[in-house]
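A.B. asks: Submitted below is the structure of interest, expressed as structure tokens.
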Amino acid sequence: MSAVASELATPVFDRVVCGIDRSAAGVIAARAAGRVAAPEGSLVLVAVQDPSPAVHAGWGMPKVLKELAEEAALGLEHGRAETEPLHEVETRLLRGDPIRGLLDEAAARDATLIVVGSHGLSRAAGITLGAVSTALLHEAPCPVLIARGPVNADRWPRKVVVGIDGSSDSAAALAAARSLAARLHGALRVVAATQDAHIDLETARRLAPGLEEHDSRAIDVLNVASETADLVVVGSRGLRGLRALGSLSERLAHEAKCSVLVVRPER
């Protein structure tokens with residue numbers, strides 16, 4: 001599919017899977033998922049009870065497992081309360097590894113978007129500790145939204161910024177950003193970094209008349225934009241696992257001051 005053709009439509013918000021827990025980040029993720037899910041699309045909230053903290057509890061393991069289950073259930077309850085006013089929602093309580101659980105649920109539902117909250121880990125810490133958001137950025141088969149507050153349930157995102165470079169991946173990001181901004185009545189800025197080694201400026205200009213061109217690196221342009229935006233959208237070049245380390249989308253997801261949507265190429 002050409003860059004121009006891929007910009008015509010987007011399925012990104014059709015089938016949304018949102019991973020939540022009982023933290024503030026989980027609430028923000030649930031709220032963001034309720035806002036972005038397409039009106040006629042599906043939305044499922046997933047909480048995963050991770051039994052690993054109970055391994056070293058000895059005789060206290062049954063009590064710890066019970067507490068973990070209660071925490072996961074409360075996370076779902078809070079998430080449902082946030083999303084029900086925004087979108088019809090289904091909930092799923094799983095047990096096991098949170099990363100594997102979310103990936104398996106996304107695969108089973110042929111998800112077009114996974115939403116998770118940001119727990120404030122630095123990029124280096126996220127990589128080292130295997131944070132859920134970092135792992136999903138590397139391994140998810142679909143776009144990933146890292147929700148970072150504040151997310152207003154009535155008026156978010158008000159300001160959307162999308163970075164493009166003329167590639168088919170950035171055209172898909174542009175389509176998603178345009179679709180979301182139009183549906184939720186947000187203002188849209190389309191920016192390009194002319195120091196990007198991969199940029200096809202002619203195609204980028206054709207995709208977005210009125211394109212903002214900045215004589216800088218893409219990561220710098222988008223990080224600065226994130227200081228005043230509610231959502232930054234960027235394409236992914238389809239990198240997975242270790243190959244994704246250091247990519248623009250992976251860096252931006254950890255460094256941006258606002259929520260970040262990473263749009264992957266269609267499978």
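The values are calculated or read from the model by the stated rules, or taken from the named source; none is laboratory data. Treat the numbers as computed from the prediction; the structure is a model and nothing was measured. Ideal geometry is used to build each Cβ from the backbone, glycine not excepted, and the neighbour counts take in all protein chains shown.
A.B. asks: When the residues of the stretch 189-233 are filtered to those that are of a type in the set (Gly, Ala, Ser) and part of a helix (DSSP H, G or I), which remaining residue is nearest to residue 152 (Cα to Cα)?
C.D. replies: 226
A.B. asks: Of all residues in the stretch 195-215, count the ones that are surrounded by fewer than 17 Cβ atoms within 10 Å (Cβ to Cβ) and either among the small types (Gly, Ala, Ser) or out of contact with any strand residue (DSSP E or B) (no Cβ under 6 Å at 6 or more places or on another chain) (or both).
C.D. replies: 10
A.B. asks: Moving on to the next point. Against the condition at pLDDT below 80 and basic (Lys, Arg), how does residue 95 come out, does it pass? Can you show your working first?
C.D. replies: Working: at pLDDT below 80: no; basic (Lys, Arg): yes.
So residue 95 fails the test.
A.B. asks: For the stretch 169-176, state whether one or more residues are within 17 Å of residue 14 (Cβ to Cβ), under 14 Å from the mean Cα position of the chain (by Cα) and crowded, with 22+ Cβ neighbours inside 10 Å.
C.D. replies: Narrowing the stretch 169-176 to residues within 17 Å of residue 14 (Cβ to Cβ): 172-173, 175-176.
When the remaining residues are screened for being under 14 Å from the mean Cα position of the chain (by Cα), the result is 173, 176.
Now drop any that are not crowded, with 22+ Cβ neighbours inside 10 Å, which leaves 173, 176.
Yes, the conditions are met somewhere in the stretch 169-176.
A.B. asks: Cβ-Cβ below 9 Å, separation at least six or inter-chain, first residue in the stretch 145-158 and within 22 Å of residue 106 (Cβ to Cβ), second modelled with pLDDT under 90 and assigned to a loop (DSSP other than H, G, I, E, B): which pairs?
C.D. replies: If the second residue must be modelled with pLDDT under 90 and assigned to a loop (DSSP other than H, G, I, E, B), the pairs left are 146/118; 147/118; 148/118; 148/120.
A.B. asks: Give all pairs with beta carbons closer than 9 Å in which a residue from the stretch 78-102 that is in a loop (DSSP other than H, G, I, E, B) meets a residue that is of a type in the set (D, E, K, R); count only pairs at least 6 apart in sequence or on separate chains.
C.D. replies: Qualifying pairs under 9 Å: 86/31; 86/35; 87/35; 89/80; 96/50; 96/104; 97/50.
A.B. asks: What residue, of 135, 172, 177, 153, is hydrophobic (A, V, I, L, M, F, W, C), within 30 Å of residue 98 (Cβ to Cβ) and in a loop (DSSP other than H, G, I, E, B)?
C.D. replies: When all the criteria are applied, what remains is 153.
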